[in-house]
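The values are calculated or read from the model by the stated rules, or taken from the named source; none is laboratory data. Fair warning: this is a prediction, and the values are worked out from it, not measured in the lab. Cβ sites come from the backbone with ideal geometry, for glycine too, and all protein chains shown count toward neighbours. The accessibility values were calculated without ligands, DNA or RNA, using every heavy atom of the protein model including side chains. Shrake-Rupley method; radii C 1.70, N 1.55, O 1.52, S 1.80 Å.
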Amino acid sequence: MKIGVTNLKGGVGKTTISQNLAVGLAHVGYKVCIVDTDRNQNSLAWVGERSDDLPNLLAVGLTDSKSLNKMVDQLDKDHDFIVIDGTPSLSEMSTRIILASDLLLIPILPSGHDIRSMQLFFERYEQAKEFRDDIPAYFFLNQFSDKVKLHQSTVELLKDFGIGMLKTKFRRRIAYAETSITGQGVYEYSDPKAKAEVVELTTEVLDIAKKLKFI
Ligand SMILES: Nc1ncnc2c1ncn2[C@@H]1O[C@H](COP(=O)(O)OP(=O)(O)OP(=O)(O)O)[C@@H](O)[C@H]1O
Ligand SMILES: [Mg+2]
């Protein structure tokens with residue numbers, strides 16, 4: 001199954017969510033590959049830092065959008081899950097990720113600015129649906145706090161897009177930033193609350209995968 005983690009906005013948590021979901025799935029026992037489409041190749045470098053005693057993850061760097069489909073389909077044959085870590089640029093790559101994915105996760109930060117820029121992504125998504133109308137997509141709220149009123153109203157505003165929203169949300173936690181340099185997921189780190197969020201995310205994604213009959 002191919003899971004695209006994408007949003008045209010930079011710094012919303014695409015890489016953080018891709019890495020942590022990949023680790024969560026690997027700990028359930030699935031064979032997982034991350035396809036890193038960002039020019040910074042953060043996920044590629046992160047996998048390089050993983051210690052040998054952690055569940056194995058493959059990472060492949062790919063910045064040529066024309067080869068995405070072929071490469072992802074090839075990798076899909078040998079893996080249970082392909083997680084595509086998206087690029088923030090308004091490029092052809094973004095459309096290709098949308099079209100190549102069996103499931104899209106759209107990370108978003110709960111701010112007015114991020115919701116406004118969502119419109120651009122949404123237009124891309126709608127265009128892509130002219131080619132393939134069954135592209136299941138879910139928003140994923142990152143750095144969320146239910147104590148902040150603005151964050152709660154974000155949830156309401158996002159409903160207008162007619163896209164689902166994952167129940168799981170990541171809070172703002174230092175563990176996410178710290179593990180981005182150690183090659184670990186927070187599942188493998190010292191913050192039990194962060195780990196619980198990743199377990200919840202993994203379970204929710206597996207439920208969706210079951211509903212869509214991928215597992
Ligand atoms: N829930 C969180 N709590 C704390 N820090 C976070 C959280 N999510 C992401 N970060 C930090 O925010 C920064 C941006 O996150 P990340 O790199 O995952 O975003 P991105 O969408 O992949 O960015 P880009 O568009 O540049 O690829 C990183 O430094 C990351 O460690
Ligand atoms: Mg990134």
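Hey, can you tell me all the residues within the range 27-40 that are open to solvent by 10 Å² or more (accessible area, probe 1.4 Å) and touching a residue at least 40 places away in the same chain (Cβ under 8 Å)?
His27, Val28, Tyr30, Lys31, Asp38, Arg39
Looking at (1) part of a strand (DSSP E or B); (2) more than 22 Å from Val32 (Cα to Cα), which is the one condition that is false for Tyr138?
Every condition holds for Tyr138 apart from (2).
Could you tell me which numbered condition Met71 fails, if it satisfies all but one of (1) in contact with a Gly (Cβ under 6 Å, 6 or more places away or on another chain); (2) among the hydrophobic types (A, V, I, L, M, F, W, C); (3) surrounded by fewer than 19 Cβ atoms within 10 Å (Cβ to Cβ)?
(1)
When the residues of the range 173-205 are filtered to those that are in contact with a Ser or Thr (Cβ under 7 Å, 6 or more places away or on another chain) and of a type in the set (D, E, K, R), which remaining residue is surrounded by the most Cβ atoms within 10 Å (Cβ to Cβ)?
Taking the candidates together, the pick is Glu197.
Taking the options Leu166, Leu158, name whichever one is under 18 Å from the mean Cα position of the chain (by Cα), touching a residue at least 40 places away in the same chain (Cβ under 8 Å), within 16 Å of ligand 1 (Cβ to nearest atom) and closer than 24 Å to Leu99 by Cβ.
None of the others qualify; the one that does is Leu166.
If I filter the range 3-12 for residues that are more than 20 Å from Leu120 (Cβ to Cβ) and away from ligand 1 (no atom under 12 Å from the Cβ), do I get at least one hit? Let's see the steps before the verdict.
Of the residues in the range 3-12, the ones more than 20 Å from Leu120 (Cβ to Cβ) are 3.
Filter once more, keeping what is away from ligand 1 (no atom under 12 Å from the Cβ): 3.
Within the range 3-12, one or more residues are more than 20 Å from Leu120 (Cβ to Cβ) and away from ligand 1 (no atom under 12 Å from the Cβ).
Take Gly61 and tell me if it is open to solvent by less than 20 Å² (accessible area, probe 1.4 Å), within 16 Å of ligand 1 (Cβ to nearest atom) and modelled with pLDDT of 95 or more.
Taking the combined requirement at face value, the residue does not satisfy it.
Ser89: part of a loop (DSSP other than H, G, I, E, B), away from ligand 1 (no atom under 16 Å from the Cβ) and of a type in the set (Ser, Thr, Tyr), yes or no?
The answer is no for Ser89.
In the range 141-186, which residues are assigned to a helix (DSSP H, G or I) and within 21 Å of Asn42 (Cβ to Cβ)?
Ile174, Ala175, Tyr176, Ala177, Glu178, Thr179, Ser180, Ile181, Thr182, Val186
Only residues that are more than 23 Å from Asp76 (Cβ to Cβ) and assigned to a loop (DSSP other than H, G, I, E, B): list them for the range 187-215, please.
Tyr189, Ser190, Asp191
So in the range 100-125, with the set limited to residues that are within 15 Å of the chain's Cα centre (by Cα) and open to solvent by 10 Å² or more (accessible area, probe 1.4 Å), which one is nearest to Gly24 (Cα to Cα)?
Asp102
Given (1) within 16 Å of ligand 2 (Cβ to nearest atom); (2) closer than 21 Å to Ile82 by Cα, identify the lone condition not met by Ala137.
(1)
Output the number of residues of the range 136-154 satisfying the condition of being buried (at least 19 other Cβ atoms within 10 Å of the Cβ) and at pLDDT 95 or above.
Number satisfying all stated conditions: 7.
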